[in-house]
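This report refers to the structure that appears directly beneath it.
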2 protein chains.
Amino acid sequence: MAGVRLQDVADHAGVSMKTVSNVVRHHPNVSPQMRARVQSAIDELGYRPNALGRRLATGRTGLLALAFADIRLPYFAELANLVAATASTSDARYRVLLEETGGTLDGERAVLNASESGLVDGMLFQPAIMTTSEIDERHGDIPIVLLGEGAAPPSVDRVMIDNEAAAMMATGHLVDLGRSRVAFLGHETTQLTATSQQRIEGYRRGLEHAGLSADPALLIATVETGAVSARAAVGAAIDAGLHFDGLVCRDDLAAIGALRALHERGVAVPHDVAVVGWDDTSFAATTYPSLTSIAPDTATLASMALEMLEERIAGFDGAGRHRLAPFQLTVRESAPFR
Amino acid sequence: MAGVRLQDVADHAGVSMKTVSNVVRHHPNVSPQMRARVQSAIDELGYRPNALGRRLATGRTGLLALAFADIRLPYFAELANLVAATASTSDARYRVLLEETGGTLDGERAVLNASESGLVDGMLFQPAIMTTSEIDERHGDIPIVLLGEGAAPPSVDRVMIDNEAAAMMATGHLVDLGRSRVAFLGHETTQLTATSQQRIEGYRRGLEHAGLSADPALLIATVETGAVSARAAVGAAIDAGLHFDGLVCRDDLAAIGALRALHERGVAVPHDVAVVGWDDTSFAATTYPSLTSIAPDTATLASMALEMLEERIAGFDGAGRHRLAPFQLTVRESAPFR
DNA sequence: GTGAAAGCGCTAACAC
DNA sequence: GTGTTAGCGCTTTCAC
């Protein structure tokens, strides 16, 4: 039965609302017999506490917004799964409201604007293109923690992995395999996102560190995110005569597209070209060949982010804390150990 | 500034709360000059309407729960994306609360139990293992629409595609290619879900329809959902001497695993074995070879479901309506046209 | 067109 | 240990 209110239960049991409330919330200060009496009234009436009333009174909703570009990208799906699982087992038992920005500036703005306040207690946001200053201006007073290597003003908390170091590791792994013409795949054709910048920088430093020079011709941009675009880009590069024997990909999706393009042209992986992906998403293990990939420790990343967010929600008001989550290189067939 | 209330704006502008409320909600009955005056008070104070207060008063939250097994499964990620996009553009501008059941009975129960009421206006739920009667008992009085081919009591709305017909189409496509030993991959090893039952039944009927008999040995079960398990199962089947020249997969993930296992054993796809996946998820186009796959019209499915749900939320109280969304077979390299 | 007051369902001081 | 009461911030009759 809907429409049963706390007051109804109180009347039915012949007690006050306060007592019913205590029973519902498992408050200790209730005598067992009273608890039993109230409980049976609850059961008889089929009472369900109304979340809204409770939340209005406490000021907390138990809801967290999780905002990023697109849930269809496997990395984000895995992140969402982890965040939801972690948040629901925290003391506060948060639930997750999904917000997709579409990877557009308007989408990111809409997420931060959310003209209504009070619906969510806090927000985890992975910006892709918004600038530091715009985030700073718009984030209002809702507790927020930023995810990933996008812009992050000093006032706001953020968790990411060290993208430069990871890209250096990926590049170094290929160099160790004896590859000397290592290409980078998957950055934007025009305006580079912070993610691409950092990964390319790490790739450059990885080459330099090995005494190799970075040939700008080896930067293969893609028109959009995803395997389809990567396949086209790699195909076009090969057809145009580009020669390379190693490939660092901006993400696993790009690597999948690359694998496909290489197959089609009879280029053997890893024999002719060794490939490293990024994110170590679940399907990296079952591509053919399976993908060597940078594996961010997303579980740690999620729990670090949630921890900081809960502190903010609890009222912590210090300067933004920028934390690094660990990562490793998962080695599989596409770029095996030497 | 947080903590600015409607009353504060009213005081500041020297009007009543009612007027401010009217302005905030763009109610027509406000004179332009009054509107301007109130608006400037709003801007000066940085007032943001509090969602909770509003929602308590109206009884609507603008939130929809979307519940299914696991967001990491590409089909569900694509569904979530579609539902969120469709719901946010409907008149009611719903936002989506993600609920994962983990594909377990406990998880499905937890989703339906949600001891608190009122947090979401309605729910879209894709059950995998709950029975019809249990769903009927537990769904309480929250408006709900079921997704997929799982159990669905007559009292509850549901949208799915015709799984038997789709499986027949997939099987028929392989038969048309001249395949006579068509296997089925990806059902559970023990208790079959409704999904597997229907797809296997369609597969059987597809074979019968072509005058072929269904050999039980050709049913290849997997220990769990996903490519890894499918790869192992197909590998084991081949190693055990199973011979087949066509393969209908329960989902694309199973197909990916199968592709991998076949590759490893030097079985050529589609030459030796033609493969059909299911869901036509985005990566089906870039596997090697690319996947022929059953493509449910998820956009239509999502909008049908949302439409029925909005009717329920609006108060419609008729019997459960069971609707079918369209599907087609997307033909690619793994099982091309003859 | 605008104002006053009564809720929406619950929690939390504070009193008993 | 239990009851009373005043909000939480907004919407919404109903007067004016």
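When a/c reaches 1.5 or more, the comparison of a/b and b/c decides; with that in mind, is the protein assembly as shown rounded, prolate or oblate per its Cα gyration tensor? All intermediate terms of the calculation are to be shown ahead of the outcome.
Numbers: a/c = 2.13, a/b = 1.31, b/c = 1.62.
Oblate, because a/c is 1.5 or more while a/b does not exceed b/c.
Please arrange B:307, A:108 by how many other C-beta atoms lie within 10 Å of their C-beta, fewest to most. Each step should come with its number before you reach the end.
Numbers: B:307 16, A:108 26.
Starting with the residue having the fewest Cβ neighbours, the order is B:307, A:108.
Nearest 10 degrees is fine. How inclined is helix B:227-239 to the longest principal axis of chain B, computing both from alpha carbons?
Tilt relative to chain B: about 10 degrees.
Which of A:45, A:192, A:212 moves most in a GNM of chain A, Cα contacts under 10 Å?
Sorting by GNM fluctuation, first place goes to A:45.
Calculate the mean, over all residues of peptide A:100-109, of how many other protein chain Cβ atoms lie within 10 angstrom of the residue's Cβ. Can you show the working numbers first?
Numbers: counts 6, 0, 2, 0, 0, 0, 0, 0, 0, 0.
That works out to 1 on average.
Distances from residue B:136 to the same position in the other copies: list them in nm, one decimal, shortest first, using label points 7 Å from Cα along Cα→Cβ.
6.2
When only alpha-carbon atoms are used, what values of Rg and Dmax, in angstrom, describe segment B:6-49?
In order Rg, Dmax, the Cα atoms of segment B:6-49 give 8.9, 23 Å.
Amide H of residue A:321: which non-local residues (sequence gap of 5 or more, or other chain) have their own amide H closer than 5 Å, using H built in the peptide plane?
A:157, A:158
When the Kirkwood radius is taken over all Cα pairs of chain B, what Stokes-Einstein diffusion coefficient follows at 20 °C and 1.002 mPa s, in µm²/s?
Values: Rh = 22.5 Å.
In µm²/s, the coefficient rounds to 95.
Return one number: the angle in degrees, 0 to 90 and rounded to the nearest 10, between the long axis of the Cα atoms of helix A:252-264 and the longest principal axis of the Cα atoms of chain A.
For helix A:252-264, the angle is close to 40 degrees.
Label segment B:163-296 by shape, choosing from rounded, prolate and oblate, from the square roots a ≥ b ≥ c of the eigenvalues of the Cα gyration tensor; if a/c is under 1.5 it is rounded, and otherwise prolate applies when a/b is larger than b/c, oblate when it is not. Spell out each step's value before the answer.
Values: a/c = 1.18, a/b = 1.15, b/c = 1.02.
Since a/c stays below 1.5, the shape of segment B:163-296 is classed as rounded.
Could you line up B:184, B:244 from fewest to most neighbouring Cβ atoms inside 10 Å? Intermediate results must be reported in sequence, preceding the final value.
On the way: B:184 28, B:244 24.
In increasing order of surrounding Cβ atoms, one gets B:244, B:184.
Quick one: A:331, A:234, A:120, fewest Cβ neighbours within 10 Å first, how do they rank? Before the final figure, lay out the partial values.
Numbers: A:331 16, A:234 32, A:120 25.
Least crowded to most crowded, the residues run A:331, A:120, A:234.
Sort B:146-153, B:314-321 for me by packing, meaning the mean count of neighbouring Cβ atoms within 10 Å per residue, highest on top.
Details: B:146-153: 22.9, B:314-321: 10.8.
Ranking, from highest mean packing down: B:146-153, B:314-321.
Evaluate peptide A:63-72: per residue, the Cβ atoms of other protein chains within 10 Å of its Cβ; return the mean as an integer.
Values: counts 6, 0, 1, 1, 0, 0, 0, 2, 11, 9.
Taking the mean over all residues of the peptide, I get 3.
What angle, in degrees between 0 and 90 and rounded to the nearest 10, separates the Cα long axis of helix A:32-45 from the longest principal axis of the Cα atoms of chain A?
Between the helix axis and the principal axis of chain A, the angle is about 80 degrees.
Just counting partner chain Cβ atoms within 10 Å, what average do the residues of peptide B:51-61 show around their Cβ? Numbers along the way, then the final one.
Numbers: counts 12, 15, 4, 5, 8, 8, 2, 1, 2, 1, 6.
Partner Cβ neighbours, averaged per residue: 6.
Any read-out appearing in this document is the output of simple, stated calculations on the displayed coordinates, not a laboratory observation. The shown structure was predicted, so the numbers you read here are calculated from the model rather than taken from an experiment. Note that each Cβ is placed from the backbone with ideal geometry, even for glycine, and that neighbours are counted across all protein chains shown.
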